[in-house]
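What follows is a short report on a single structure.
The values are calculated or read from the model by the stated rules, or taken from the named source; none is laboratory data. Treat the numbers as computed from the prediction; the structure is a model and nothing was measured. Neighbour counts run over all protein chains shown; Cβ positions are idealised from the backbone, glycine included. Please note that ligands, DNA and RNA were not included when accessible areas were found on the heavy atoms of the full protein model with its side chains. Shrake-Rupley method; radii C 1.70, N 1.55, O 1.52, S 1.80 Å.
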Amino acid sequence: MSDKQEAIVRRSIDEVWNKGKLDVIDQLFTTDFVSNDPVNQSRGLPAFKGVVTKYRSAFPDCRLDIDDVFSAGDKVVVRWRYSGTHKGQLEGIAPTGRKISGSGITINILSGDRIREAYVNWDALGLMQQLGVVTLPGKAMGAGA
């Protein structure tokens, strides 16, 4: 069963995040899907589609690449990297044209052949730093100077 579950999760990354196929969400996720992402908490498919749309609009060339996949029981864990070019507004941040990249880990919990819940941890701070809207205190004040 784990190969089948891993294929579902891989398909969600490839078709939903990389290709922007929102209709595939209805096929791969339960209607009561919950994304436990500290930055983008969402409940239900319309909310999750909104999150995907927000990032794909801000980064039209959005790309998630899988580094590792592990599965046990009803869980599939993915370690991934993201990249893209900031060409659209994101949370009030005007497009910068900057290329961004970072990493994350998602623990997906499946129910049958669908993803029911996800626990997401990714480098959102790094994204904001790359967009130039956040600087770390030591960097802003010239640490070591």
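Do we have VAL134 as touching a strand residue (DSSP E or B) at 6+ places or on another chain (Cβ under 9 Å), open to solvent by less than 60 Å² (accessible area, probe 1.4 Å) and either β-branched (Val, Ile, Thr) or on the phi > 0 side of the Ramachandran plot (or both) here?
So VAL134 does not fit the description; no.
Could you check the stretch 40-58 and list, in sequence order, the residues that are in contact with a helix residue (DSSP H, G or I) (Cβ under 7 Å, 6 or more places away or on another chain), without any contact (Cβ under 8 Å) to a residue 24 or more places away in the chain and open to solvent by 30 Å² or more (accessible area, probe 1.4 Å)?
Selection gives nothing.
Counting only residues that are out of contact with any Cys (no Cβ under 9 Å at 6 or more places or on another chain) and closer than 12 Å to ILE66 by Cα, which one in the stretch 9-37 is surrounded by the most Cβ atoms within 10 Å (Cβ to Cβ)?
SER12
List the residue pairs whose Cβ atoms are under 8 Å apart, where the first residue sits in the stretch 73-102 and is under 22 Å from ILE13 (Cα atoms), the second is modelled with pLDDT under 95, and the two are 6 or more positions apart or on different chains.
The qualifying pairs are VAL76/SER2.
What do you reckon, is SER71 in a strand (DSSP E or B) and open to solvent by 50 Å² or more (accessible area, probe 1.4 Å)?
Here the answer is no, as SER71 does not meet what is asked.
Looking at ASP37, ASP61, ASP74, ASP26, which one is in contact with a helix residue (DSSP H, G or I) (Cβ under 9 Å, 6 or more places away or on another chain) and over 15 Å from ASP113 (Cβ atoms)?
ASP37
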